[in-house]
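Have a look at the structure below before the remarks.
What follows draws every value from the coordinates through simple rules; no lab data is involved. This is a predicted model, so every value here is computed, not measured. Virtual Cβ from ideal backbone geometry, glycine too; neighbours counted across all protein chains shown.
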Amino acid sequence: MTLGGGKGRTGRKGSIALAGVLAVASVGLILSSLLGGRFNYISHTNSSGGDSYFRFPSNWESFSQDQVVLANDAKITPAQLRSLDQTEWTEIFSADYGLSLANQKGLSSSKPFGVAQQLELTTQQKSAFKLAALRTIFVPDDPLSKSPNTSGYHYKVISYRQYVSSDGLTHLEMLVDVKAPGGSSSVLDEAAAVDKNTQWVYFIGIGCTYSCFEANRSQILDVVNSWNVKEQR
């Protein structure tokens, strides 16, 4: 994701690139098994009162904010974790139950792999923000761009929708075939939103190899469709 120029984050430690397994965020989630234990429900409310929530199958693995941050920086202090909680939050989840965070393979996984995050934009990022930035969270290029890219990735946009909700959030939803430079093919299902003040961005993405996506399509779509954002009025 490009916010404020260049790849990745500026002015803060960490990255929101999927390939880096998102070494960011803070925890404040709610996990509960409802409907006979079929799903885990995740919800997080940020420091401005914005809340995003979704569900995924209860037999999937999940990694909380603290686990994600500590996996990338074992020396981080509790005070630093609390500071991150004011501006960032991440939850990683995977159908590859039992696989450690370090061994997750992102979009190249043979089982569904997903990331949900909230991120408060810095002043620099706000001034340079473009909606295209939300389309480059999980892939190195904007799949809708007509300009040639240097990453070697190729994209086929299966579906794309962009709209403004009644509370002023600008949303996008996209389903994209992704072909990596090495020739492997994956599919990404993503939903994202930015608030009317361009202060917070919210997103969720799930992907895996093409064959995996076809085999798990209904389950993946159900997770992304369950994602929602509400802001304090």
> Which entries in the list Lys126/Lys230; Lys75/Lys230; Lys130/Lys179; Lys130/Lys156; Lys75/Lys179 go over 30 Å, if you measure between the two C-alpha atoms of each?
Replying inline: Lys75/Lys230; Lys75/Lys179
> Over the stretch 18-230, what is the mean sequence separation of C-alpha contacts under 8 Å (at least six apart), divided by residue count, expressed as relative contact order in percent?
Replying inline: 20 percent
> Under unit Cβ charges (Lys, Arg +1; Asp, Glu -1), what dipole magnitude, rounded to 20 debye, does the stretch 107-226 have relative to its Cα centre?
Replying inline: 260 debye
> Can you list residues whose amide H is under 5 Å from Asp141's amide H, if they're 5+ apart or on another chain and H is modeled 1.01 Å from N?
Replying inline: none
> Size of the stretch 88-175 along its principal axes in angstrom, Cα-based, largest extent first?
Replying inline: 40, 31, 27
> Roughly what would the spin-label model give for Arg38 and Glu214, points 7 Å off Cα along C-beta, in nm?
Replying inline: 2.7 nm
> Taking θ as phi - 60°, what are the ³J(HN,Hα) couplings along the stretch 72-89 by the Karplus curve (6.51, -1.76, 1.60), each to the nearest whole Hz, with x for Gly and Pro?
Replying inline: 9, 8, 5, 8, 5, 8, x, 5, 5, 4, 5, 5, 4, 4, 6, 10, 8, 8
> For the stretch 18-230, what does the equivalent ellipsoid look like in terms of its semi-axes, each the square root of 5 times an eigenvalue of the Cα gyration tensor, given largest first in whole Å?
Replying inline: 24, 22, 18
> Where the centroid of each part is defined by its Cα atoms, how far is the stretch 101-164 from the stretch 189-212 in Å?
Replying inline: 7 Å
> What order do you get for Arg82, Arg55 when you list them from fewest to most C-beta neighbours inside 10 Å?
Replying inline: Arg82, Arg55
> Going by average Cβ neighbours within 10 Å, how do the peptides 71-79, 102-110 rank, with the highest at the top?
Replying inline: 102-110, 71-79
